[in-house]
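Please treat every number below as a calculation from the coordinates, not as lab data. These numbers were taken from a predicted model, which means no experiment stands behind them. Here the Cβ is made from the backbone with ideal geometry for all residues, glycine too, and neighbour counts use every protein chain on show.
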Amino acid sequence: MPGRARLARSIARVEALPLQWRPSLPEVHPRAWLAHVAPTRRSLAIGFGVLAVALGGYLIARESSLFAIERIAVKGGSPQIAGQVRHALASVAGRPLVGLDGPALLRTVDALPTVVSASYDRAFPHTLRITVVAERPAAVLRRGPDSWLVSMRGRVMARLPAAALPRLPRIWISTHTPVRTGSELTAAGAATAAHAVGLAGAFAARVASASYTGGELVLHLRSGPEVLLGDGGDIKLKVAVAGRVLAVLASGSTFVDVSNPGRPVSGIGSPPSFVPATSTRG
């Protein structure tokens, strides 16, 4: 077996050869490493100097009139709402834009009865920009001789003269129901009616008054008939169906029931299980 003997001798010689290179970890000296990565005194001095200048500039801008508010620009509402916002923020005029208390400013604007929400931005050097989402007027709330403008969210926006805004639907409530400008309606039926009228879109111009009694939402049209919507769901669909039915409504019909929009019903007299609503006077 000469071949195997030669192979064994070769393997033995390879195993006997000394290893020429062995991996080793570099020596790490902590002090030298820190001296290499730590900032120098000169870089520290420059960094602290820049920080001091920036902080000083901020304090000067915050306390001086360099960036004082001279103009409040309002976007997203009517001129009347813009005037209300500027009046509410009159106290910030002359204050610096830098360091402005944003949360307090937004709370002031959001508290306005005509505003749903607001945001702000600084337009240097002297302008404060306010963007508002305005409440959408839906109806006139009536309580005896008193009147208020209400939004589609059921929020009381403003007090009105009795005959104001005749083209808006009326919603009647009990004389014992409390009403406060800026708050949401406490009468659930009135809030549901206001929301429905707001969702009715252009159809609302045909509505003289709206009521929600005993789970039945009713729109009393200026032309005479009443539109029964059932509960407060699918208002846009039901109103669209009611508009088509009214276009072909038989003469003398007094109601259109679209509480089931897939099967509208019209007729003469009081609809089944109908509870007469409150007055529809202006």
Checklist outcome for this item: Full extension between H176 and A93 adds, at 0.36 nm per residue less the Cα distance, a length in nm of 25.7 nm
Next on the checklist: Could you give the length gained by full extension between A164 and A250, i.e. 0.36 nm per residue of separation minus their alpha carbon distance, to one decimal place?
Outcome noted: 27.6 nm
Checklist entry - What's the FRET efficiency of R153 with R86 using the Cβ-Cβ distance as r and R₀ = 30 Å, to the nearest 0.05? => result 0.80
Next on the checklist: Quick query: amide H of A73 versus all other amide H atoms, modeled in the peptide plane; which residues come in under 5 Å with a sequence gap of 5 or more or a different chain?
Outcome noted: L128, R129, I130
Checklist entry - Quick one: length gained pulling V265 to A188 fully straight, 0.36 nm per residue minus the C-alpha distance? => result 25.0 nm
